[in-house]
Amino acid sequence: MELDHHSAEKIRTGADKIVQGRNIRSIVFDFGKTNFMDSSGIGMIMGRYKDMRFMGGTVIAVRVNERVRRILTLSGIYKMIEIYEGLPQQSTLN
């Protein structure tokens with residue numbers, strides 16, 4: 001899967017619809033099948049991070065491969081979000 005300007009907009013819209021009006025504390029992005037991410041993907045993650053931080057929540061990335069990890073590190077996002085090898089425990093999400 002590619003996280004580019006086409007898919008980033010769809011993911012952003014979907015995530016915003018899910019979060020809007022609900023008491024959601026965490027958004028989990030699963031990068032297990034992501035083989036490419038551009039600046040649109042970075043912007044989408046940053047936007048969700050800002051929204052979740054405002055609401056007292058967090059953004060979590062799971063199954064991050066080396067290519068995506070490098071992009072997250074170079075962009076500075078790696079220091080701002082939580083990263084897990086697999087899916088986090090339910091207690092982490094509350």
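Quick note: the coordinates plus some simple rules give every number you see, no bench work behind them. Please read these numbers as outputs of a predicted model, since none were measured by experiment. Cβ coordinates were reconstructed from backbone atoms using ideal geometry, including for glycine residues, and neighbour counts include every protein chain displayed.
What the table below lists for this structure:
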| quantity | calculated |
| --- | --- |
| Qualifying positions in the stretch 63-82 - charged (D, E, K, R) and touching a residue at least 24 places away in the same chain (Cβ under 8 Å) | Arg63, Arg67, Glu82 |
| Which numbered condition Arg22 fails, given (1) within 20 Å of Leu87 (Cα to Cα); (2) in a loop (DSSP other than H, G, I, E, B); (3) without any contact (Cβ under 8 Å) to a residue 12 or more places away in the chain; (4) not hydroxyl-bearing (Ser, Thr, Tyr) | (1) |
| Subset tally (residues that are farther than 16 Å from Asn65 by Cβ and in contact with a Lys or Arg (Cβ under 7 Å, 6 or more places away or on another chain)) for the stretch 1-49 | 4 |
| Selection count where residues are without any contact (Cβ under 8 Å) to a residue 60 or more places away in the chain, farther than 22 Å from His6 by Cβ and assigned to a strand (DSSP E or B), scope the stretch 25-62 | 3 |
| Phe54, sole failed condition from (1) of a type in the set (Phe, Trp, Tyr); (2) within 11 Å of the chain's Cα centre (by Cα); (3) surrounded by fewer than 12 Cβ atoms within 10 Å (Cβ to Cβ) | (2) |
